[in-house]
Amino acid sequence: MNINRFLKSAAGHQTVDNSRRSFLKVSAGTSAGLMLGVSFNGSALAQSAATDAALELNAFVSITPDNVVKVLIKHLEMGQGVYTGLATCIAEEMDAAWSQVECEHAPANTARYANLLMGQQGTGGSTAIANSFMQMRQAGAAARSMLVSAAAAQWQVPASEITVSNGILTHGARSATFGELAIAAAQQPSPDAESLSLKTPAEFKLIGQENTLRKDVGKHNGAAIYTQDVKLPGMLTAVVAHSPRFGGKVKSFDAGAALARHGVRQVFEIDSGIAVLATDYWSATKGRELLSIEWDDSAAETRGTADILQQYRGLVDTAGAVAESHGDAEQTLAQSADVTELVFEYPYLAHAQMEPMNCVAQVNGTSAEMWYGCQSASGDQAAIAQLLGTGIEHVKINTVFAGGGFGRRANPVSDYVLEAVRIARQVQGTPVKLVWSREDDMQAGYYRPAYVHKLSASQDANGKPAAIQIRVAGQSIMAGTSLGAMMISNGIDITSVEGLSDMSYDIPERQVELHSTQVGIPVQWWRSVGHTHTAFSKEVFIDALARKAGADPVAYRLELLKNNPRETAVLQLAAEKAGWGTTQLPAGWGRGVAVHTSFGSTVAEIVDVSVQGNNFKVERVVAAIDCGIAVNPSIVRAQVESAIAYGLSAALADEVTLTAGNVDQTNFHTYRVLRMNAMPSVETHIVPSTNPPSGVGEPGTPPIAPAVANALAAVTGRTFTRLPLKLA
Amino acid sequence: MPYLLTINGQSHEIDVEGDMPLLWVVREQLNLTGTKFGCGMAQCGACTVQIDGVATRTCVLTVADSVGKNIVTIEGLQSPQALAIQTAWVELQVPQCGYCQSGQVVSATTLLEQNSNPTDADIDAAMSGNICRCGTYPRIKAGIKMAAAQFYNAAGAA
Ligand code: FES
Ligand code: FES
């Protein structure tokens, strides 16, 4: 595919959010050469390892003689539905029968399987569909064209007279299945991308349909295989004793008792702690309990979160690096007699995906084979190759389903992946399954960072905001990673301020400043990245300004969104469906709203809460989303439900705290997450669109916490500025 | 010392230490990997199996205490209720990452076997021990109701 065309279409999209813009910049800037080489054909040099070359029509599609259309999925299926979404685009243009389509993960191969918005193979930023919508459709159209050419040659008829429908090619009385033409089709020359004509949205049969069943099968009966389920001959299970404090090192250890335990095979030190290898998980953990280790904390982070937040509260009273500036907000605020000022606080958050981190590795000299839910194929492959002093072609990655990710499995320094490789290389040739317990996972860091924000605004005679100043203090998730050079400029990590620096509200004077802090707690992206905190500040603050102006929160927002037809339409749809201003709520109930754009999509959520004493329950959420074309509406709704549940968990309970450098939470009894009994009903409305698809996995998360806080404010008259939300 | 277990209708003699949780016996000794490890302390429900018809967390149940019981894992569920739940799960596309879903299906099946017409409150009570970080709760609830309709209507019509 032609990347310039793709960039044009993506950039021409009505609202392209900041992180998307940065990714586009990244793609267009540093990786343009690489990007131009990427097409549905893959590079001629790079053969797929996962399929039989004789049956391969292109990098993504093979057809077997028994009539299976096998689709290679370049992204990690972690629940977001990417198997189904990408296969739908291929099957659509191929005119395949949905029932004949099967999916499997593509191998790690950047040349063939790069994320076109990232320039490397990886899954994240809600880009899976957005980056591959055209590429997958072209792959499908190319496969169809090769099938038609094969039939034309066999039947001696003009290709233009052959029709294709539901996996069958027909000419007059003659017909053939894809399977019958599989071998002949694979021998046809691959067509030129420019020669392919793609369907118009009006011609779609699968895209946009409700009843396309998911292709990530085996999840209702225990058959689906995750990293945790991988078993190889002779495999050992490894657990690691990590330093209780981040940055701590092993000073000395005694493995005697552990080694004497039944099942334990080896104990040795690695960079990240002491590894215990055993025949099975139980023996490994029991062995680990028998270790005695002395830690060297001289380089460790020994502060607690209370100290860290205290420091941040001081920082937001001082000027930071300027991320965004229009007019002279500071001056206007200084001259204003009535300034609204709110300080917001956000805790560290663990991803707490259902499957604790794990990874299977086998190292033979300078080659490695891996089995795991790999979210960052290019990054992990390069990191492993570097560790082993070998080339990436000697690192084979077999990707299996991930039991959730929410960002965690794409670690910027490949933490859990390299830990597995470091262990495996000590037992050459033996496959090793590294398993983290829930406690290991909870305490291993790579959290959503803690932040403090301070927002100050003045209002004009009509109550509209005249000037706003925003200060953000917290760690940069990009600093020190391979993405740092691309995502940080002039001291601004765009992901720390995204959602604030590019807010849609029309405020004449505005200034956004950032303090990026140095703390020894490892941090990382978490579902919806910077928007996890920026949307909360923005939407709670706007509500506070609306209250001060005596305005209705929806009407107030619409007034400030006059130049943004997309957010206006989404907000209006949600308000109408929720009965905003038209339905009566029971006593003790309140209704709140939030709207936010992230990952190219806009979501508005309207929340009803009921309050009883110091307790409250979120009763109902009505959401509206504009994500461009909804390739699979059921999955779009599922992702909005999921994003709401994930964000609601953080709004109600999630919080990682540290005391003197030690993480206080260990498992789900202390890191409390949303359960069935706290889940509201969710109703999702999708704005009809013919725009290219934009993000779906994350954009539903940012609005939920502020919508709940605003609903609580409607009942209590109080403004909530700290997450998780507490009435008392 | 060997322990005699009855799992999915078959007898297995397992030679492990008595304090090994049933979860690891099922997963690593018998390769029944549908039952998942999520927390190891009876907090998340990923490891749920039926023991004598009761939804039970196997991460805290020792192999020694599992002897003589009728153990049914996700792979062995066969009741009409289980079939109805699993059919509804596919039809409503309940699973996302799927990692919690074996536990969800076992808990939901057990609920339905005991109560063919559960209310929202019954569902909350029976299912709140099963965490789903993907937030499939609304579809789990809808799936249980869809499956229940089959029995409730059938019973009502009979
Ligand atoms: S693993 Fe048993 S309840 Fe979580
Ligand atoms: S489906 Fe992912 S944790 Fe439930």
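The values are calculated or read from the model by the stated rules, or taken from the named source; none is laboratory data. It should be emphasised that the depicted structure is a prediction, and the values quoted were computed from it without experimental measurement. Note that each Cβ is placed from the backbone with ideal geometry, even for glycine, and that neighbours are counted across all protein chains shown. These accessible areas exclude ligands, DNA and RNA; they are computed on the full protein's heavy atoms, side chains included. Shrake-Rupley method; radii C 1.70, N 1.55, O 1.52, S 1.80 Å.
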### Single match in A:T670, A:T666 (criterion: in contact (Cβ under 8 Å) with a residue 60 or more places away in the chain and not in a helix (DSSP H, G or I))
A:T666
### Message
Here is a list: B:T73, B:T87. Which entry is touching a residue at least 40 places away in the same chain (Cβ under 8 Å), facing chain A (nearest Cβ under 9 Å) and open to solvent by 10 Å² or more (accessible area, probe 1.4 Å)?
### Response
B:T87
### Task
Scan the stretch A:220-232 and give yes if some residue there is part of a strand (DSSP E or B), buried (at least 17 other Cβ atoms within 10 Å of the Cβ) and in contact with a Phe, Trp or Tyr (Cβ under 9 Å, 6 or more places away or on another chain), otherwise no.
yes
### Query
So which residues in the stretch A:676-689 are open to solvent by 50 Å² or more (accessible area, probe 1.4 Å) and either facing chain B (nearest Cβ under 10 Å) or touching a Phe, Trp or Tyr at 6+ places or on another chain (Cβ under 9 Å) (or both)?
A:N677, A:S681, A:E683
### Query
So which residues in the stretch A:160-189 are of a type in the set (D, E, K, R), in contact (Cβ under 8 Å) with a residue 12 or more places away in the chain and over 22 Å from A:S99 (Cβ atoms)?
A:R174
### Message
Testing A:I384 on (1) within 17 Å of A:N411 (Cα to Cα); (2) assigned to a strand (DSSP E or B), one condition comes back false. Which one is that?
### Response
(2)
### Which listed residue is aliphatic (A, V, I, L, M), surrounded by 16 or more Cβ atoms within 10 Å (Cβ to Cβ) and more than 26 Å from A:Q228 (Cβ to Cβ), from B:I123, B:I140
B:I123
### Query
Does A:A224 count as modelled with pLDDT of 95 or more, touching a Gly at 6+ places or on another chain (Cβ under 6 Å), among the aliphatic types (A, V, I, L, M) and within 30 Å of A:G404 (Cα to Cα)?
yes
### Message
For the stretch A:602-612, give me each residue that is more than 26 Å from A:Q639 (Cβ to Cβ) and in contact (Cβ under 8 Å) with a residue 60 or more places away in the chain.
### Response
A:V611
### Task
Kindly indicate whether B:A82 is on the phi < 0 side of the Ramachandran plot, more than 16 Å from ligand 1 (Cβ to nearest atom), open to solvent by less than 10 Å² (accessible area, probe 1.4 Å) and not basic (K, R).
yes
#### Entry: Verdict on A:A368 being free of Cβ contacts under 8 Å to residues at least 60 places away in the same chain and not in a loop (DSSP other than H, G, I, E, B)
yes
### Message
Looking only at the stretch A:85-117, count every residue that is among the polar types (S, T, N, Q), surrounded by 24 or more Cβ atoms within 10 Å (Cβ to Cβ) and over 20 Å from A:M370 (Cβ atoms) and tell me the total.
### Response
1
### Message
Is it the case, given these coordinates, that A:Y451 is away from every other protein chain (no Cβ under 14 Å), open to solvent by less than 20 Å² (accessible area, probe 1.4 Å), free of Cβ contacts under 8 Å to residues at least 60 places away in the same chain and under 23 Å from the mean Cα position of the chain (by Cα)?
### Response
no
#### Entry: Candidate set: the stretch B:49-69, residues that are buried (at least 19 other Cβ atoms within 10 Å of the Cβ) and within 11 Å of another protein chain (Cβ to nearest Cβ); chosen: the one farthest from ligand 1 (Cβ to nearest atom)
B:V63
### Query
Looking at A:L169, is it assigned to a strand (DSSP E or B) and surrounded by 15 or more Cβ atoms within 10 Å (Cβ to Cβ)?
yes
